[in-house]
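Heads up, the thing below is written out as structure tokens.
The numbers here are math on the coordinates, done by the rules we state, and not lab data. Remember, predicted model here, so these are calculated numbers, not experimental data. FYI the Cβ positions are ideal-geometry reconstructions off the backbone, even for glycines, and counts take in every protein chain you see.
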Ligand code: THU
């Protein structure tokens with residue numbers, strides 16, 4: 001499947017404009033190409049109970065499930081200036097759960113696989129041992 005990174009970046013930037021981030025003033029947008037060919041996106045949604053804030057990746061993964069959009073093939077994330085942002089550790093785990101084999105991510109050091117950004121991951125198969 002061809003990955004149009006520019007379209008993904010634009011989807012992440014549009015999602016970022018929908019962020020609800022009044023506490024951190026750090027809006028984030030995330031977008032992914034999926035195995036169905038869909039582009040899905042998400043934004044961070046914070047809460048007055050600060051620790052309950054949802055990362056953009058949480059919203060993206062919820063959209064993936066709601067839209068029956070398959071698995072994640074390519075992922076990018078951006079900050080309020082449209083600059084590339086790395087997913088936090090917790091969100092790497094969220095992405096891993098829904099990753100197609102060889103999910104690739106745009107990172108500050110180039111395109112990397114999910115295994116490179118979350119090596120030796122805990123995952124669903126560990127529950128069956
Ligand atoms: N944030 C994300 O949405 N995704 C990440 O991967 C990194 C952090 C959000 C959480 C919080 O709303 C804001 O960025 C500042 O940490």
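Candidates 123, 29: the one that is surrounded by fewer than 17 Cβ atoms within 10 Å (Cβ to Cβ) and without any contact (Cβ under 8 Å) to a residue 60 or more places away in the chain is 123. Count, please, the residues in segment 35-59 that happen to be surrounded by fewer than 22 Cβ atoms within 10 Å (Cβ to Cβ), outside any loop (DSSP other than H, G, I, E, B) and away from the ligand (no atom under 12 Å from the Cβ). Looking only at that region, the number is 1. Reported count of residues in segment 67-93, each being within 22 Å of residue 10 (Cα to Cα) and in a helix (DSSP H, G or I), is 2.
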